Amino acid sequence: MDIIKVSGKSRTSAVAGAIAGVFREQQHVEVQAIGASAINQAVKALALARNYLAEDGYNVVCIPEFVDVEIDQKVRTAIKFIVEER
């Protein structure tokens, strides 16, 4: 499964559209962000995506969890949001 990666410069509406699109196809999405600004953008995108999906009759929830990610041979802690139907 692909993970939607969000940066601090990501456009929330574009990320929200991607989240909603993947969810409609797979009924499950994972969104990953590292750093405060990226997490901020991810949470805003998740809120928007929840509204988009509610219009289609889906009631989704987001479950956050910490994950370790290796970037340039260094381990960083990211937050992963699992999006699934309630």
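Charge tally around Ala16: other residues with Cβ under 14 Å, Lys/Arg +1 each, Asp/Glu -1 each, net +2. In the chain, the portion of solvent-accessible area held by carbon and sulfur atoms comes to 48 percent [1.4 Å probe, whole percent, DNA, RNA and ligands not counted].
Just the number, please: Stokes-Einstein D of the chain in µm²/s, Kirkwood Rh from C-alpha pairs, 20 °C, 1.002 mPa s.
In µm²/s, the coefficient rounds to 167.
In a simple Cβ point-charge model (Lys, Arg +1; Asp, Glu -1; nothing else charged), the chain has a dipole of about 380 debye relative to its Cα centre. Suppose R0 equals 30 Å; then what is the FRET efficiency for Ala54 and Thr77 from their Cβ-Cβ distance, rounded to the nearest 0.05? The calculated FRET efficiency here is 0.45. Using the Karplus relation 6.51 cos²θ - 1.76 cosθ + 1.60 with θ = phi - 60°, the per-residue 3J(HN,Hα) values for the range 62-67 come to 10, 10, x, 7, 7, 9 Hz, with x marking Gly and Pro.
For the chain, the relative contact order works out to 32 percent when only alpha carbon pairs closer than 8 Å and six or more residues apart are counted.
Highest-first packing order for the peptide set 3-10, 27-34 is 27-34, 3-10, based on the mean count of other beta carbon atoms within 10 Å. Subtracting the Cα-Cα distance of Lys9 and Asp68 from 0.36 nm times their residue separation leaves 19.1 nm of extension gain.
Translational diffusion of the range 18-63 was estimated from the Stokes-Einstein equation, with Rh taken as the Kirkwood radius over Cα pairs; at 37 °C and 0.692 mPa s the coefficient is 300 µm²/s.
Please give the helix 12-26 orientation as an angle from the longest Cα principal axis of the chain, in degrees from 0 to 90, rounded to the nearest 10. For 12-26 against the chain, the angle is about 70 degrees.
The values are calculated or read from the model by the stated rules, or taken from the named source; none is laboratory data. The shown structure was predicted, so the numbers you read here are calculated from the model rather than taken from an experiment. As a convention, Cβ positions derive from the backbone with ideal geometry for all residues, glycine included, and neighbour counts pool all protein chains shown. Just so you know, the surface numbers come from the protein's heavy atoms only, side chains and all, with ligands and any DNA or RNA stripped out. Shrake-Rupley method; radii C 1.70, N 1.55, O 1.52, S 1.80 Å.
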